[in-house]
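The values are calculated or read from the model by the stated rules, or taken from the named source; none is laboratory data. Nothing here was measured: the structure is a model prediction, and the numbers come from that model. When we count neighbours, we look across all protein chains shown, and the Cβ atoms used for this are built from the backbone with ideal geometry, even at glycine. Only protein heavy atoms, including side chains, enter the accessible area calculation; ligands, DNA and RNA are left aside. Shrake-Rupley method; radii C 1.70, N 1.55, O 1.52, S 1.80 Å.
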Amino acid sequence: MREVVQLFSERGTFIEPEALEYISSKDDPLSFAREIISKIPSSSLVLTLEEIKKLESPHEEKEEKTVMRISPVGSGEKPLAREYDEDVKIIKDVTGNISCRGDVEDFAKLFRSRFEKIRKIFKSQRRGLNDSIPLKNLKKAKVKEARIIGMVRDVRRTQKGYIIVEIEDEEDSISVLIPKDDHHLYQQAQEIVYDEVLSIKVTRGRNDLFIATSIAYPDININHTKRRLDEHICVAFLSDIHVGSKKFLKDEWNRMIKWLNGEIGNSRQREVAGRIKYIVIPGDIVDGVGVYPNQDKELDITDVYKQYQVLAKELERLPDHITIIIQPGNHDAVRPAEPQPALEKEIQDLFSGKNFVFVGNPCYFSIHGIEILSYHGQSLLDFSTNIPTLKYNQPVEIMKVALRKRHLAPIYGGHTPIAPEHEDFMVIERIPDIFVTGHVHLSSIGEYRGVTLINASSWQAQTSYQEMLNFVPDPAKLPIVDLKMGKATTMDFNVV
Ligand SMILES: [Fe+2]
C-alpha cells in the first residue's frame with residue numbers, strides 16, 4: 001500500500017483512509033491507482049471514496065441538476081409512469097408481528113436479538129472481525145491481544161480525558177480504556193453510544209482493565225454497489241405533511257399537485273413528473289392532536305380523524321398511476337414507541353381512489369427490486385445529542401452514522417421511545433439502495449457506500465416551537481430518485 005500512497009503524494013493529492021481501503025481491495029491496486037490518477041482533475045487536493053467511484057464508472061448519461069425550481073409553464077403530456085405495473089414488496093415490517101407483552105423479560109429479549117443480529121453481521125464480514133472471543137474467555141485466558149464483540153453498557157470520560165467503555169456480552173462484562181494519544185481511535189470512540197453493539201481489539205492492562213487498540217463498527221462493505229433498474233421509473237419522497245396544522249403550506253402543496261398532474265413546469269420538469277410512479281411518505285402525515293403541550297392553539301383542524309380525512313381528499317388529487325406508500329411518524333395516531341405498526345384499518349379505509357400501501361415505521365420494502373429503508377427519524381435527535389461531532393440540522397451525516405452502526409435507534413432511554421419487541425426491528429440487517437428519513441423537516445441528499453440518503457423535507461412552515469429553538473426548516477421540497485440513474489434530485493416548490 002505504501003507504493004499507492006507514494007503515487008498519490010508524488011502527484012500532490014491526499015487520499016482519505018476509506019478511499020485507500022477501497023483501492024487496496026482491488027485485484028491490482030497499483031494499476032487501479034494509476035488509472036484513477038490519470039482521471040483526477042488537476043485541482044483535486046483530497047481524493048474521497050465517492051470521487052473514486054465516480055471516476056471508476058462515469059455515468060454515460062448526464063446527471064440531473066441537484067435542485068430544480070418549479071417553472072410556471074405547463075401542458076399535458078402522457079406520463080411515462082402510466083406504462084408500468086405497480087411492483088411493491090414489503091420485506092420487513094413490525095405490522096402484524098408485535099410480540100412484546102410488557103413484562104421484564106421483553107427487554108432482555110430485545111437486547112439479545114440486537115446482539116445476535118449484529119454479531120452475525122460481524123461474523124459474516126471478511127475483515128478479520130470473525131475471530132472474536134467471548135468476554136469470559138478473555139478474562140480467563142492469558143492472551144495478550146484479542147478481539148471482542150459486545151454491547152455498550154456505559155461510556156464515560158475520566159478527569160484526565162480518557163474514555164472508559166463498559167462492554168458486555170451474554171455472560172460477562174469488561175471495562176475498556178480508550179487511550180487519548182491515538183487520535184484516530186479517540187475520534188472513533190467519540191461515536192460510541194449506549195446500547196450499541198461494536199467490536200473492539202483489546203490488550204490486557206492492569207487490574208482487569210483492558211486497553212483498546214482498534215474499534216470496528218459493523219458498517220457497510222466498502223465494495224457495496226446499489227442496484228439499478230433498466231427503466232427511468234422515479235420515486236418521490238414526501239415527508240412530514242402535518243395536515244391539520246395552521247402552518248401547513250397549502251400554496252406550495254397545490255403547486256406540487258399541479259406539477260405532478262402535468263399542469264405546470266417546463267418540458268424537462270413535466271417529463272420528470274410523468275416518470276414518478278411512486279410517492280413514499282415517511283411519517284407525520286398529519287399534525288395529530290395532543291402530541292405536545294398547547295398544540296391545539298397551533299391547529300386548524302382539532303380532530304385527528306378529520307385531519308386524515310382532509311389528507312385523503314388531498315391525495316385523491318394525485319394522478320391515478322401513482323402508488324402512495326404511507327408510514328406513520330411520531331405525530332400519527334399509532335403507538336408512539338418504535339417500531340410503530342402501520343395506521344389502523346379505520347384510518348386506512350379513509351384513503352381510496354388510488355393505490356395505497358400502508359407500512360410500519362421503520363419498514364424495508366422494494367420497488368421493482370430496488371430496496372428502500374424508510375424510517376421516520378425520531379432517533380436523529382438522540383444521535384446528535386450523544387455524539388459531539390453530529391448536528392441535528394445535518395441529518396445525512398447522522399444517517400451515515402446509523403448505517404455504520406447498522407442500527408436506527410440504539411440508545412434506550414433518550415428521546416425515542418422504544419418498544420421491547422422480542423425481535424429488534426431497528427437493526428439495519430439489509431443494506432438498502434435508498435435510505436430515507438423525515439422528522440427534522442430538512443431537505444438533504446447524500447450518499448454513503450452505495451446507499452442514497454434522503455431527508456425528505458416537510459410541508460409545514462416554521463412552528464412556534466421551532467422558532468423558540470431557533471431551528472429553520474427547509475420545507476416544500478420534493479426529493480426524487482430516478483431508479484435507473486440511482487441519483488437523487490430535488491424539486492423546489494417554494495415561491496420565488
Ligand atoms: Fe414532523
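The set of residues from segment 205-231 being within 26 Å of Gln190 (Cα to Cα) and modelled with pLDDT of 90 or more comprises Phe210, Ile211, Ala212, Thr213, Ser214, Ile215, Ala216, Tyr217, Pro218, Asp219, Ile220. For segment 198-225, the set of residues classified as open to solvent by 10 Å² or more (accessible area, probe 1.4 Å), touching a residue at least 60 places away in the same chain (Cβ under 8 Å) and among the hydroxyl-bearing types (Ser, Thr, Tyr) consists of Thr213, Tyr217, Thr225, listed by residue number.
Please go through segment 135-156 and give me each residue that is open to solvent by 50 Å² or more (accessible area, probe 1.4 Å) and under 22 Å from Phe107 (Cα atoms), ordered by number.
Across segment 135-156, the qualifying residue is only Arg153.
Checked against (1) touching a helix residue (DSSP H, G or I) at 6+ places or on another chain (Cβ under 7 Å); (2) at pLDDT below 95, Lys246 passes all but a single condition, namely (2). Please determine whether any residue of segment 402-416 is within 20 Å of Lys53 (Cβ to Cβ) and crowded, with 21+ Cβ neighbours inside 10 Å. Scanning segment 402-416, I find at least one residue that is within 20 Å of Lys53 (Cβ to Cβ) and crowded, with 21+ Cβ neighbours inside 10 Å, so the answer is yes. Within segment 346-368, identify whether any single residue is among the small types (Gly, Ala, Ser) and within 30 Å of Tyr186 (Cα to Cα), and answer yes or no. No. On the given criteria, is Val104 of a type outside the set (D, E, K, R), open to solvent by 30 Å² or more (accessible area, probe 1.4 Å) and over 25 Å from the mean Cα position of the chain (by Cα)? Yes.
Of the residues making up segment 99-125, those that are out of contact with any Asp or Glu (no Cβ under 7 Å at 6 or more places or on another chain) and outside any helix (DSSP H, G or I) are Arg101, Gly102, Asp103, Gln125. Do we find a residue being within 16 Å of the ligand (Cβ to nearest atom) and either in contact with a His (Cβ under 8 Å, 6 or more places away or on another chain) or not assigned by TED's automatic domain parsing to the domain that holds Ser366 (or both) anywhere in segment 294-315? No, because not a single residue in segment 294-315 is within 16 Å of the ligand (Cβ to nearest atom) and either in contact with a His (Cβ under 8 Å, 6 or more places away or on another chain) or not assigned by TED's automatic domain parsing to the domain that holds Ser366 (or both).
Determine whether Val472 is in a loop (DSSP other than H, G, I, E, B), within 16 Å of the ligand (Cβ to nearest atom), open to solvent by 10 Å² or more (accessible area, probe 1.4 Å) and more than 30 Å from Gly262 (Cβ to Cβ). When the stated conditions are applied, Val472 passes them. Candidates Ile454, Ile428, Ile434: the one that is within 16 Å of the ligand (Cβ to nearest atom) and open to solvent by less than 10 Å² (accessible area, probe 1.4 Å) is Ile454. All of (1) touching a Leu at 6+ places or on another chain (Cβ under 7 Å); (2) of a type in the set (D, E, K, R); (3) in contact (Cβ under 8 Å) with a residue 60 or more places away in the chain hold for Asp169 with one exception: (3). Pairs are defined by a Cβ separation below 9 Å, a sequence spacing of at least 6 or placement on different chains, a first member in segment 226-252 that is more than 15 Å from the ligand (Cβ to nearest atom), and a second member that is polar (S, T, N, Q); the pairs so defined are Lys226/Thr452; Glu252/Asn494. The set of residues from segment 322-362 being assigned to a loop (DSSP other than H, G, I, E, B) and within 16 Å of the ligand (Cβ to nearest atom) comprises Pro328, Gly329, Asn330, His331, Asp332, Ala333, Val334, Pro336, Leu343, Pro362. Looking only at segment 284-321, which residues are open to solvent by 10 Å² or more (accessible area, probe 1.4 Å), in a helix (DSSP H, G or I) and not polar (S, T, N, Q)? Matches in segment 284-321: Asp296, Lys297, Glu298, Val304, Tyr305, Lys306, Val310, Lys313, Glu314, Glu316. Of all residues in segment 64-101, count the ones that are small (Gly, Ala, Ser), at pLDDT 90 or above and open to solvent by 60 Å² or more (accessible area, probe 1.4 Å). The total comes to 1.
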